[in-house]
Amino acid sequence: METTIFYYRQGMPIETGAIIELEDSIKRSPKRLEELSAFDAVIEVETTRLIYHFEKSDMVLGFGETMKGLDKRGSKLVSFCSDEPNHLPSKESLYGAHNFFVILGEKTRGYFIDFPGEILFDVGFEDKNIFNMVIQGVDFDIYEIQGDSLKAVVHKFLSLIGEGYVPPKWGFGYQQCRWSYETADDIRRVAKAMRAADIPCDAIYLDIDYMERFKDFTICDEKFPTFENFVRELRDLDFKLVPIIDAGVKIESGYDVYEEGIRGNHFCVDEKGLPFVAAVWPGLVHFPDFLNDDTRQWFGDKYEVLTRHGIEGFWNDMNEPAIFYTPERLKAFYAHVEKSKEKALDIYSFFELTGEVRGLANSMADYKSFYHRVGDTLVRHDKVHNLYGYNMTRSAYQGLEKIDPDKRFLLFSRASYIGMHRYGGIWMGDNGSWWEHVELTMKMLPALNMCGFMYAGADTGGFQHDADSELMIRWNQLSIFTPLYRNHAAMGTRDQEPYAFDEETTATLRNVIGLRYALIPYLYSSYMKAVKKRVPYSANLIMAYDKDVRVREIEDQLLIGDSLMIAPIYKQNRSGRMVYLPEDMLLWTSSSKEVSNLRVVKQGDRYIDVALEEIALFIRPNQALALGAVADTVGAINAETMTVVGFLCDGIEMSLYDDDGSTKAYKHEQGFDTKIWIKKHGDDIVARMAFCEHHGLMQVKIIVMDGNGVRYEGAVTRETPSISLEKVSWNGK
Ligand code: MIG
């Protein structure tokens, strides 16, 4: 995998910390922007335009969190972290600003535009032949990676931005959320119902109502009396509690976080140098100036208020930062209303008025009216906007690291910028219970992976609107493959816990979620390998099959790790779908973790039956899946037995990674590596395992099918780690 990096610098950019592993020799001698040959640069007074002329065959991949599919050509995207609760196809910005893309054509070139203000990416939208980029500034860095394949370029980029965040292993379990389980009793009910329905679940979430009037680092005593005992009670039932933390700090005299923030000059300031005031859930708030090291330390230390009670994970919300309104803009709006009273309101002035109401939230004028301290100068927020959520999560990560340096905490964020993946994951924000958003989950995941965000997932079942049982099942059947697997719904929507529908749905979801737990040995191993090897955990087919022109248009099938391809159902009332196989694969149509329904599917376009209770798993040639035992939680999984299911063509050689799942030992130690070899010797099929001495695994059942559909089985143990497999059936018979 050959790559070459070119580093360009224009003006005097602010240090974003996105790129941390660039060779010193390259870093020390940046090229001038004019030397960037693929793009023509036009530097104006306050903006920079970069223009690229498309070749006919060019595709544009990447950009992380967007509403778009695999190829972004023909799209208009705006890089500006936005609190966007309506994920409509026309939306140009979501919560993350991920300015990394790859132009894939005659040549393969990746670009990262390291600039924290707004960028317009017109990827052949106004003019289909022109990629027009408008950077709202004249100070930025550009990293160009030229390579011999998409895989090589992405690998290099993932290497430049540093090793990704690793959650505790329980973060791979199923997690249940709602806005809000309001009281301790609500949570108890969910916990009990989950166990009564025999549905595995590792965590239940606390949304904003657990706080005292939405004040960060407080707990509402009335709703959650003796919080510490409650956390323990839940832990005894094997559930983790994961509270939310919002970006805005309530202005309230006597509230310690507010008082400390004022005393320590920790808040962003307005033009007059006074703490900037905006309104979010707590009412009027100040925003911590996360761009400062001392503020990050101060805020990060606050997480101890909750870890002290036994909390082991957090989600950071509203950190674009979202603004409902500012008193300033509200005042202007009232004045407008007063003025409109003087003359008769016509339809146009009516719409102007209502438009202004809607424009109160997240207004660019507000983002231009406050400042951060950067070194000795004040920098206007809009110029560094995309660094805000990133630095909030960095603050949390560093705070938690201080609290317990070796412990992995669960942590993810709504807003993000490239580089934040080192500190936490992200969730995909306020989607809706729409089939289109099942599909969107599948489109976002690989694009996020290209940008380093591997611990990611959608609000399964949909946040806005009401979910029905079929949508719920199909969405879960996809989400079992996303590292972050969480069911979340908005206030006022129908209950959508796995037991909230009918008995049949509960039974199906029990199996679906059970399969997730069974797959953890494979999924966790794949995740850890991806983090360590700097490759995506999940990718579009084009990443692996770039010689096959057909896969250039395939965005509704995904690769998960090295062995697996999935083809989820994302439409209503379907009992199957077309799947394109770039090569022969072994199909396991699973309705539970029992391994039946195996068959070889030949390369090409195939119609695959996938009934509502089934999931189609495609195992690639000479690859295998590893299935463990199912339990209520990840921690309770019995590690002694495992089943390996493989598609044997010439020989399978695989290694499965595991570790303690809770400490950061993975950073400097090898981990537990279990190796498996399955080989054909004439008519004989020999399986051999190298058990890791530190792993509890005692025996492994092996099931393989060869290209002719002949199934072989056997079991290896620590005593007999090498065996011949027995032929058991012919194409499932
Ligand atoms: O303005 O905390 O995206 O997950 O449930 C809404 C309430 C604020 C937005 C988050 C969502 C969360 C909700 N929050």
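For this structure, a couple of remarks:
- Only residues that are farther than 19 Å from ASN99 by Cα and over 32 Å from the mean Cα position of the chain (by Cα) were counted across region 1-29, and they come to 3.
- Residue list for region 22-47, restricted to those being exposed (fewer than 12 other Cβ atoms within 10 Å of the Cβ) and either touching a residue at least 24 places away in the same chain (Cβ under 8 Å) or part of a loop (DSSP other than H, G, I, E, B) (or both): GLU23, SER29, ARG32, GLU35, SER37, GLU44, VAL45, GLU46
- Filter pass, TRP434 being within 15 Å of the ligand (Cβ to nearest atom) and among the aromatic types (Phe, Trp, Tyr): no
- Subset tally (residues that are under 27 Å from the mean Cα position of the chain (by Cα) and outside any strand (DSSP E or B)) for region 555-573: 12
- Residue that is surrounded by the most Cβ atoms within 10 Å (Cβ to Cβ) [pool: residues in region 251-295 that are within 16 Å of the ligand (Cβ to nearest atom) and aromatic (Phe, Trp, Tyr)]: PHE287
- Subset tally (residues that are within 16 Å of the ligand (Cβ to nearest atom), of a type outside the set (A, V, I, L, M, F, W, C) and assigned to a strand (DSSP E or B)) for region 404-427: 3
- Residue list for region 684-714, filter: surrounded by 16 or more Cβ atoms within 10 Å (Cβ to Cβ) and of a type in the set (A, V, I, L, M): ILE685, ALA687, MET689, LEU697, VAL700, ILE702, ILE703, VAL704, MET705, VAL710
- Filtering region 467-481 to residues that are away from the ligand (no atom under 16 Å from the Cβ) and either under 19 Å from ALA415 (Cα atoms) or not in a helix (DSSP H, G or I) (or both) leaves ASP468, ILE480, PHE481.
- Of the residues making up region 306-339, those that are in a loop (DSSP other than H, G, I, E, B), out of contact with any Leu (no Cβ under 9 Å at 6 or more places or on another chain) and within 16 Å of the ligand (Cβ to nearest atom) are MET318, ASN319, GLU320, PRO321, ALA322.
- Every pair of residues 6+ apart whose Cβ atoms lie under 6 Å, when the first sits in region 188-208 and is over 13 Å from CYS177 (Cα atoms) and more than 16 Å from the ligand (Cβ to nearest atom) while the second is among the β-branched types (Val, Ile, Thr) and modelled with pLDDT of 95 or more: ALA197/THR506; ILE199/ILE513; PRO200/ILE513
- Of all residues in region 483-507, those satisfying the criterion of being at negative phi, within 16 Å of the ligand (Cβ to nearest atom) and outside any strand (DSSP E or B) are LEU484, HIS488, ALA489, ALA490, MET491, THR493, ARG494, ASP495, GLN496, GLU497.
- Taken over region 518-550, the criterion of being in contact with a Ser or Thr (Cβ under 7 Å, 6 or more places away or on another chain) and within 16 Å of MET444 (Cα to Cα) is satisfied by TYR537 alone.
- A single member of GLY628, GLY671, GLY635, GLY661 is out of contact with any strand residue (DSSP E or B) (no Cβ under 6 Å at 6 or more places or on another chain) and either buried (at least 22 other Cβ atoms within 10 Å of the Cβ) or at positive phi (or both), and it is GLY661.
- Checked against the criteria, LEU400 does not count as away from the ligand (no atom under 16 Å from the Cβ) and more than 20 Å from LYS302 (Cα to Cα).
- Some residue of region 722-731 being aliphatic (A, V, I, L, M), under 25 Å from ASP659 (Cβ atoms) and either part of a loop (DSSP other than H, G, I, E, B) or open to solvent by less than 30 Å² (accessible area, probe 1.4 Å) (or both): no
- Count - residues of region 340-372 that are at pLDDT 95 or above and not in a loop (DSSP other than H, G, I, E, B): 6
Matching residues to (1) crowded, with 18+ Cβ neighbours inside 10 Å; (2) under 21 Å from LYS240 (Cα atoms):
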| site | (1), (2) |
| --- | --- |
| LEU360 | no, no |
| ALA365 | no, no |
| TYR371 | yes, no |
| LYS383 | yes, no |
| ILE426 | yes, yes |
| MET442 | yes, no |
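- For the criterion of being of a type in the set (Phe, Trp, Tyr), within 13 Å of the ligand (Cβ to nearest atom) and under 17 Å from THR218 (Cβ atoms), TRP298 fails.
- Within region 464-485, the presence of at least one residue that is more than 26 Å from LYS169 (Cα to Cα), in contact (Cβ under 8 Å) with a residue 24 or more places away in the chain and open to solvent by less than 10 Å² (accessible area, probe 1.4 Å) is confirmed.
- Listing of strands (runs of 3 or more DSSP E) fully contained in region 235-286 that carry 1 or more residues being without any contact (Cβ under 8 Å) to a residue 40 or more places away in the chain: 283-286
- Residue list for region 451-466, filter: within 16 Å of the ligand (Cβ to nearest atom), in a loop (DSSP other than H, G, I, E, B) and of a type in the set (A, V, I, L, M): ALA458
- Cβ pairs under 7 Å, 6+ apart, first in region 679-704 and free of Cβ contacts under 8 Å to residues at least 24 places away in the same chain, second part of a strand (DSSP E or B): HIS694/PHE672
- Of residues in region 508-537 being in a helix (DSSP H, G or I) and of a type in the set (Lys, Arg), the one most open to solvent (accessible area, probe 1.4 Å): LYS533
- Residue within region 333-347 that is open to solvent by less than 10 Å² (accessible area, probe 1.4 Å) and under 22 Å from SER82 (Cβ atoms) present: no
The values are calculated or read from the model by the stated rules, or taken from the named source; none is laboratory data. Computed from a predicted structure; not experimentally measured. We place every Cβ from the backbone using ideal geometry, glycine too, and count neighbours over all the protein chains shown. SASA here: full protein model, heavy atoms, side chains in, ligands and nucleic acids out. Shrake-Rupley method; radii C 1.70, N 1.55, O 1.52, S 1.80 Å.
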